[in-house]
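Visitor: The following block contains the structure, expressed as C-alpha cells.
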Amino acid sequence: MVKQVNMHEAKSRLSELGERVWRGERIVIARAGKPYLDLLPHRGPRKPRRPGRLKGRIRMAPDFTETPTELLDGFEGHG
C-alpha cells in the first residue's frame, strides 16, 4: 500500500517517514495534492561484478544445445 503525504507533513515527520520506508512501506510526497517525490531508502554502491567467480560450479547437460523436435513443432503450431 502506498502512503501519500503532503510536503508540509513530510517536513514535520521526516524521521518517522524514513523509518517506515526502511520497514518496506512506500511513501509518496505530494505537492498541491499530486504525487511529487518518492521517498526511498539509500542503497550503497553495488560491488563490481567479478566475471568467472562461479567457474567450475555450473554444469550444462550434454544435450543443452539440442532442442527436441516436438518442442519446436509446438512453437511453430505443427503439434
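Bear in mind that the values in this text are calculations on the coordinates, not laboratory data. Worth saying up front: this structure is predicted, and the values here are computed from it rather than measured. Every residue, glycine among them, receives a Cβ derived from its backbone with ideal geometry; neighbour counts consider all protein chains shown.
Visitor: Consider the candidate values (1) 50, 34, 21; (2) 64, 39, 17; (3) 49, 21, 18; state which one is Cα extents along the principal axes in Å computed from the structure displayed.
Guide: Recomputing Cα extents along the principal axes in Å here gives the entry labelled (2).
Visitor: Please tell me the relative contact order of the chain in percent, rounded to the nearest whole number, where contacts are Cα pairs under 8 Å and at least six residues apart.
Guide: Reported as a whole number, the value is 22 percent.
Visitor: Using 7 Å Cα-to-Cβ label points, what is the residue 23/residue 69 separation (nm, one decimal)?
Guide: 6.2 nm
Visitor: Could you order peptides 18-25, 31-38 by the average number of other Cβ atoms within 10 Å of their residues, highest first?
Guide: 18-25, 31-38
Visitor: Follow-up. Can you put 27, 58 in order of Cβ neighbours within 10 angstrom, beginning with the fewest?
Guide: So the ranking, lowest neighbour count to highest, is 58, 27.
Visitor: Percent antiparallel among DSSP beta bridges with both residues in the chain, to the nearest 5?
Guide: The antiparallel proportion sits near 50 percent.
Visitor: For 28, 2, which order do you get if you count the other beta carbons within 10 Å of each Cβ and list the fewest first?
Guide: Lowest count first: 2, 28.
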